[in-house]
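Let me begin by presenting the structure, written as structure tokens, before commenting on it.
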Amino acid sequence: MTINRAHVLNVLVGANEACEAAGLAVVEIVPTAMHRKLLFVALETARSSVIVTSHRMSRQAIGPNLSSRIVRAVERGVDVGLLWGEHGTGAEDGIVEELRGCCEGHAGRLIVNTMPLDLHSKMLVADGESVVITSYEFLNFVDSRSYERDELGVRLQSRRVAAELIDSLVTHIEESDYRLGEQLRELQQPGA
């Protein structure tokens, strides 16, 4: 089945106008090239928290550009959660420990798992209201012209949807790592 992007965009424009008039969530399509930019913007502008989930995590994707933004966010007092789901992804090569070392002693917290969480979800939630749900591997993707896959996501502003997503994520995580689940739950508390 071929997706007619123009039709989808027209439907979304009409839906967004109705949503805006009713005070509901506004939805945008996120093409491949916008994902990394949205992640960087979230880390640069968040006031309280950024939670990122990805099926895999790799050193190449984290790299100096992303890791410096993570550290700066934590230095500003933002809590950053990086959650990945599968072994053999490069997460075991020391990147988690390096990030934790750079983030120690700052106002914000870095919450990252060291063991797989059986996650396949790919999402970005900033400040409990800005949400991107996608096929894009935020923690295992390197922008490259040779990358020929088309990743597609949706972005919306909704405290209700963000809270439901995080609650579902925390419930899943608590099954395998209760302490990590509790840390994530704390990020959603007012004043956390």
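Closer than 24 Å to SER68 by Cα, touching a strand residue (DSSP E or B) at 6+ places or on another chain (Cβ under 8 Å), among the hydrophobic types (A, V, I, L, M, F, W, C) and modelled with pLDDT of 90 or more, is that true of ALA162? It would help to see each step written out before you state the result.
Working: closer than 24 Å to SER68 by Cα: no; touching a strand residue (DSSP E or B) at 6+ places or on another chain (Cβ under 8 Å): yes; among the hydrophobic types (A, V, I, L, M, F, W, C): yes; modelled with pLDDT of 90 or more: yes.
Criteria not met by ALA162.
How many residues does the stretch 168-181 contain that are without any contact (Cβ under 8 Å) to a residue 12 or more places away in the chain and surrounded by fewer than 16 Cβ atoms within 10 Å (Cβ to Cβ)? Before you say what the answer is, go through the steps one by one.
Let us first name the residues in the stretch 168-181 that are without any contact (Cβ under 8 Å) to a residue 12 or more places away in the chain, namely 168, 171, 174-175, 178-179, 181.
This time we only want the ones that are surrounded by fewer than 16 Cβ atoms within 10 Å (Cβ to Cβ), so: 168, 171, 174-175, 178-179.
Matching residues across the stretch 168-181 total 6.
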>> Going residue by residue through the stretch 127-135, is there one that turns out to be surrounded by 20 or more Cβ atoms within 10 Å (Cβ to Cβ) and on the phi > 0 side of the Ramachandran plot?
In response: yes
> Does GLU86 meet the test of being at pLDDT below 85, among the charged types (D, E, K, R) and surrounded by 16 or more Cβ atoms within 10 Å (Cβ to Cβ)?
Replying inline: yes
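What residue, among those in the stretch 28-75 that are among the charged types (D, E, K, R) and more than 15 Å from ARG155 (Cα to Cα), is surrounded by the most Cβ atoms within 10 Å (Cβ to Cβ)? Break it down into steps so the answer makes sense when it comes.
Let us first name the residues in the stretch 28-75 that are among the charged types (D, E, K, R), namely 28, 36-37, 44, 47, 56, 59, 69, 72, 75.
Now narrow it down to the ones that are more than 15 Å from ARG155 (Cα to Cα): 44, 47, 56, 59, 69, 72, 75.
Values: GLU44: 13, ARG47: 11, ARG56: 22, ARG59: 17, ARG69: 18, ARG72: 14, GLU75: 14.
Among them, the one singled out is ARG56.
The values are calculated or read from the model by the stated rules, or taken from the named source; none is laboratory data. All figures in this text were calculated on a predicted structure; none of them were measured in a lab. Cβ: placed from backbone, ideal geometry, glycine included. Neighbour counts: every protein chain shown.
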